[in-house]
Amino acid sequence: MTLGVLAVLGMAFTMFAGFWTDWLWYRSVHYSSVFTTMLWTKIGLFFVFGLLMAAAVGLNIWLAHRLRPPLSAMSMEQQSLDRYRMGIAPYKKWLLLAVTAVVGLIAGASASGQWRLWLMWVNGVPFHQKDPQFHLDVAFYAFDLPWYRFLLAFGFAATILSLIAAALTHYLYGGLRVTSPGARATAAATGHLSVLLGVFVALKAVAYWLDRYGLAVKSSDFKATDNWTGLRYVDANAYLPAKTILFCIAVICALLFFATLWRRTWQLPVIGFGLMVLSAVLIGGLYPAIVQKFQVQPNEQAKEAPYVQKNLKATRDAYDIDDTEVTEYAGKSPTTDMTKLRDDADDAASLRIMDPNVVSPTFQVLQQMKNYYGFPANLDVDRYPAKDGKEQDTVLGLRELNLSGVPKNNWINDHFRYTHGYGVVAAKGTEATRNGEPVFTEYDLPSQGDLGTYEQRVYYGEKTTTYSIVGGPQKEIDYSDNDQEKTTSYRGGSGVNLDNPVNRAAYAVAFNEPQILYSGAIGKGSRILYNRTPKERVEAVAPWLTIDGDAYPAVVNHRIQWIVDAYTTSNGYPYSSRTTLGDTTADSLTANNNSRTVVAQQNQVNYIRNSVKATVDAYTGDVKLYEWDTKDPVLKTWMKAFPGTVKPKSAISQALLDHLRYPQDLFKVQRELLTRYHVTNAQTFLTGSEVWQVPDDPTNKSGDAVPPYYLSMKMPDQSEQAFSLSTTFTPNGRYNLSAFMSVDAEAGSGDYGRIRILKLPTSTNVDGPKQVQSQFNSEQDIAAAIKLLKGGDSEVEYGNLLTVPLDGGLLYAEPVYVRGSGLKYPLLRKVLVTFEGRTAFENTLGEALDKVFGTKPTTTTPPDTGTTKPPQSNNPTVQQALNDAQKAFDAGQEALKKADGPDWDAYAKAQQELRDALKRAQDAQSKAADKNKGGDKNSDKSGS
């Protein structure tokens with residue numbers, strides 16, 4: 001008994017711990033209204049539908065028992081059941097309560113999971129767009145129809161369970177007979193069961209009526225496109241009238257079942273039910289098949305064209321691609337002046353030779369500083385002002401916490417001492433040093449450079465997946481300065497307070513870690529931080545949003561902010577074809593790197609908007625949601641359901657706006673749709689002659705789609721470069737280029753979100769990405785040079801193959817990296833460039849462009865190639881350190897120029913000596929500055 005009581009108490013506290021820790025977390029992030037709204041909605045649905053189901057089943061069991069016949073003249077069949085009746089007689093009430101409670105609990109639990117449907121139905125906002133078939137507002141299909149279908153499904157379940165329960169009760173008490181001679185059912189049982197069957201058939205009539213509207217959002221196989229949605233000719237001319245006829249038949253059949261209350265015979269309702277089933281087969285199945293075979297197939301294009309046109313319009317509207325501009329593009333430049341082409345090449349794009357998906361190991365080796373820091377496998381591209389004030393494409397990543405690099409892993413180290421990362425590391429996207437390293441604009445520990453002063457501690461990040469307990473008696477490792485570990489104590493204010501013993505016990509149970517309950521490292525001020533990745537936090541505070549797979553950091557108003565793109569989606573936009581987000585957002589990056597995920601793996605949608613921009617503070621974990629699409633009715637619906645959770649668009653500061661960009665996952669969904677839906681003519685769509693495909697990534701053998709790339713570039717109708725997201729298309733089943741697609745990704749731009757497609761002529765053959773890569777690999781001189789780069793254990797790795805429109809033609813550029821033996825991190829060694837059959841493979845981008853066009857640009861800006869000559873100083877200590885730095889730099893260059901291949905070990909040693917020397921110079925300069933500052937103060941005192 002004691003063990004049983006303890007077990008029950010343990011289960012009860014475990015349930016309480018889950019609920020209590022959730023409540024504490026939502027309260028700590030100031031989104032407790034989200035928790036309470038979801039909680040009360042689930043509780044309300046649970047009790048309402050649980051009680052309805054229990055009442056329906058219990059009432060019918062009670063009624064069947066009350067209508068039982070007298071047992072004075074029992075048949076042999078009933079005598080055999082007598083022992084069962086006798087056995088349950090003392091427990092009838094308890095058995096009735098148990099059965100109704102079980103079905104009620106199951107139904108209530110199922111209904112509570114439909115809280116999204118309820119909130120959308122009760123808060124639905126009109127789209128102010130009508131479907132072309134029934135002329136109903138789209139909101140009916142997006143918000144109302146799903147809820148009606150749930151109610152219908154619940155009604156069917158309640159009726160079937162009631163029918164089964166009533167039939168068993170009637171059989172147990174003699175109302176129904178199976179083997180006994182004479183009447184099979186008493187009049188009371190006949191009337192009772194007939195009414196239930198009548199309710200079932202009436203619900204079927206409602207289902208037929210709703211199915212009429214469901215045709216507008218029904219998916220079907222159609223050779224014109226996958227996941228076709230909406231009515232076709234056979235739906236409008238066969239299925240739609242068939243559903244109306246079946247509705248009428250079902251209503252009549254239901255009335256016949258209800259009539260048995262007076263007629264006390266099954267004859268007419270059974271005949272009616274049989275006719276309904278036969279009609280469903282003939283009218284609902286055979287007739288549409290005949291129409292499809294003999295009317296549609298002989299003249300399919302003419303019959304289907306009006307419906308395809310509706311699908312084209314709805315799909316383009318639903319995916320926000322209706323304003324896509326498709327422009328004819330020659331694919332071959334008419335310009336013969338090579339000097340002009342060379343100048344235009346510099347102006348056409350800021351070609352990024354630092355691939356953020358390749359250089360993460362280089363950042364790791366050169367800027368990790370400590371083993372317990374790490375960078376994500378994929379870095380990010382953003383825009384930051386250069387020294388001349390102009391914005392430049394910048395590759396950056398955060399130095400996040402890497403617990404696998406902690407000197408000794410134990411509970412205290414992993415959760416109390418090593419709690420956060422430190423600082424941003426950034427590099428120019430368009431330049432490299434002479435030895436192939438990134439040109440860092442933010443570097444070292446603590447980070448310094450062009451980003452100015454900001455809070456550098458990173459408590460929330462993509463790699464921070466475990467909990468930390470901070471702010472208590474145990475100090476945290478902050479960062480290392482001259483090999484001296486500095487400590488800190490978190491003062492960010494986030495997390496849940498563990499001063500309360502109830503909280504500690506709850507978290508000990510929730511995290512299955514009993515030490516939380518009794519550890520002396522937890523004391524006054526201790527707070528527990530968890531749900532620490534940006535995606536986790538935004539998903540938790542806005543469970544009605546679909547989150548983009550790539551959050552990216554930005555320095556905004558002296559703080560590191562994670563920026564997260566979020567989408568509102570729907571599966572109920574009439575006539576709009578569906579797509580599976582997990583499939584359309586997958587590419588070669590998501591396949592090869594776990595740090596970048598795809599959204600909502602199996603979530604099928606046919607409407608999507610990037611309606612919310614969210615931020616997560618890397619230090620405090622503060623989550624903010626900003627309205628981005630002010631016209632989206634789905635977002636307005638959720639804002640009604642969760643008032644106060646989304647800030648207005650006007651609350652976005654200019655500093656934040658400068659770093660917002662067009663999201664990759666939305667772009668990938670749109671480009672997949674545009675492989676077919678770039679055409680606006682139904683006849684062309686049906687022939688399939690203009691179908692494109694997203695090419696495979698030519699830089700690897702994964703067979704996955706090429707990812708889109710961010711870079712600043714200029715489309716033919718633009719006067720200057722704009723931060724853009726671009727991709728290419730090839731014809732279905734072929735490798736030549738069919739189109740180039742770009743979207744203005746700069747949020748502050750007036751053209752933000754404007755999609756442009758340059759369509760190449762089908763009469764000429766313009767090389768696509770795979771063909772260009774093949775030419776690179778097969779050209780004799782390039783192949784020989786690559787073979788030399790692979791000398792020893794070195795590995796050659798290709799970076800992003802960038803495509804840029806240039807004077808009617810297309811310029812391709814691709815960085816080539818070498819991973820040397822030993823350290824195994826990539827350094828830029830060559831740049832591949834091709835333009836209309838002319839190819840170059842040179843050490844720098846400028847040299848490659850010069851060779852392709854056979855001339856140098858008329859105006860040149862020398863690249864930042866790193867420190868080549870140490871600056872002079874009057875301080876002898878500083879000067880000696882700078883001289884040592886120059887010697888280390890020269891030694892590193894010599895190690896790279898060895899005749900038998902680069903000596904990577906010597907190079908690594910030289911780089912370490914270079915960093916040490918520069919650090920000594922910096923420290924000496926700082927001490928001198930402090931001394932001078934002190935002298936100035938003394939002079940001030942003397943003067944006064």
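A short reminder: the numbers here are calculations on the coordinates, not readings from a lab. A quick note: this is a predicted structure, and the numbers were derived from the prediction, not measured. Cβ atoms come from the backbone with ideal geometry, glycine included; neighbour counts cover every protein chain shown.
Some notes on this structure:
- Value of relative contact order over the chain, rounded to a whole percent, pairs C-alpha under 8 Å and six or more apart: 11 percent
- When each of 622, 550 is scored by the number of other beta-carbon atoms lying within 10 Å, the sequence from fewest to most is 622, 550.
- Trypsin sites (Lys or Arg not before Pro) within region 596-671, DSSP loop, no more than 11 other Cβ atoms inside 10 Å: 631
- For residue 392, the residues whose modelled amide H falls within less than 5 Å of its own, excluding neighbours fewer than 5 places apart on the same chain, are 384, 386.
- Listed pairs 313/759; 613/824; 475/647; 130/647 exceeding 32 Å between Cα atoms: 613/824; 475/647
- Proximal lysines relative to residue 851, as straight alpha-carbon distance under 27 Å, when same-chain residues fewer than 8 apart are discounted: 332, 340, 428, 714, 770, 787, 790, 830, 897, 898
- Cα gyration tensor category, rounded, prolate or oblate, for the chain with a/c compared to 1.5: oblate
- Per-residue Karplus couplings for region 460-465, computed as 6.51 cos²θ - 1.76 cosθ + 1.60 with θ equal to phi - 60°, are listed in order as 10, x, 5, 9, 8, 10 Hz, Gly and Pro entered as x.
- Pair-distance profile P(r), taking every C-alpha pair of region 465-532, with 5 angstrom steps and integer %: 4, 17, 25, 24, 15, 8, 4, 2, 0
- Nearest-ten-degree value, helix 240-263 long axis tilted from longest Cα axis of the chain: 40 degrees
- When both region 471-504 and region 275-307 are represented by their alpha-carbon centers, they are found 70 Å apart.
- In region 396-457, trypsin sites (Lys or Arg not before Pro) in a DSSP loop with at most 16 other beta-carbon atoms within 10 Å: 408, 434
- Charge dipole of region 465-532 (Cα centre as origin; +1 on each Lys and Arg Cβ, -1 on each Asp and Glu Cβ, all else neutral): 320 debye, rounded to the nearest 20.
- Size of charge dipole - the chain - debye, nearest 20, with Cβ of Lys, Arg +1 and Asp, Glu -1, no other charges: 4360 debye
- Of 64, 146, 220, farthest towards positive along the dipole that unit charges on Lys, Arg, Asp, Glu beta carbons give region 34-314: 64
- Placing a pseudo-label 7 Å from each Cα along the Cα-to-Cβ vector at residue 719 and residue 795 gives an inter-label distance of 4.8 nm.
- Listed by chain and number, the lysines placed with their C-alpha closer than 23 angstrom to that of residue 204 are 218, 243; residues fewer than eight positions away on the same chain are left out.
- Unit charges at the beta carbon, dipole of the chain: most positive-side option, 852, 519, 480: 519
- Under-5 Å amide H pairs with residue 739, H placed in peptide plane, nonlocal only: 729, 760
- Listed by Cβ neighbour count within 10 Å, with the fewest neighbours leading, 51, 445, 801 appear as 51, 445, 801.
- C-alpha long axis of helix 300-318 to longest principal axis of the chain, angle in °: 60 degrees
- Taking amide H as placed 1.01 Å from N in the peptide plane, residue 612 has its amide H under 5 Å from the amide H of 566, 568, 628, 629, each at least 5 places away in sequence or on another chain.
- Computed [θ] at 222 nm, helices only, for the chain once each DSSP H run of length n ≥ 4 contributes -39500 (n - 2.57): -13500 deg cm²/dmol
- Using the Karplus relation 6.51 cos²θ - 1.76 cosθ + 1.60 with θ = phi - 60°, the per-residue 3J(HN,Hα) values for region 162-176 come to 5, 5, 5, 5, 5, 5, 5, 5, 4, 5, 5, 9, x, x, 10 Hz, with x marking Gly and Pro.
- Karplus-based coupling profile of region 443-459, in residue order and whole Hz: 7, 6, 9, x, 5, 9, x, 7, 7, x, 8, 6, 5, 8, 6, 10, 8, with θ = phi - 60° in 6.51 cos²θ - 1.76 cosθ + 1.60 and x standing for Gly or Pro.
- Which of 222, 835, 134 has the fewest Cβ neighbours within 10 Å, and the rest in rising order: 134, 222, 835
- Among 645, 98, 112 the positive-end extreme of the charge dipole of the chain (Cβ point charges): 98
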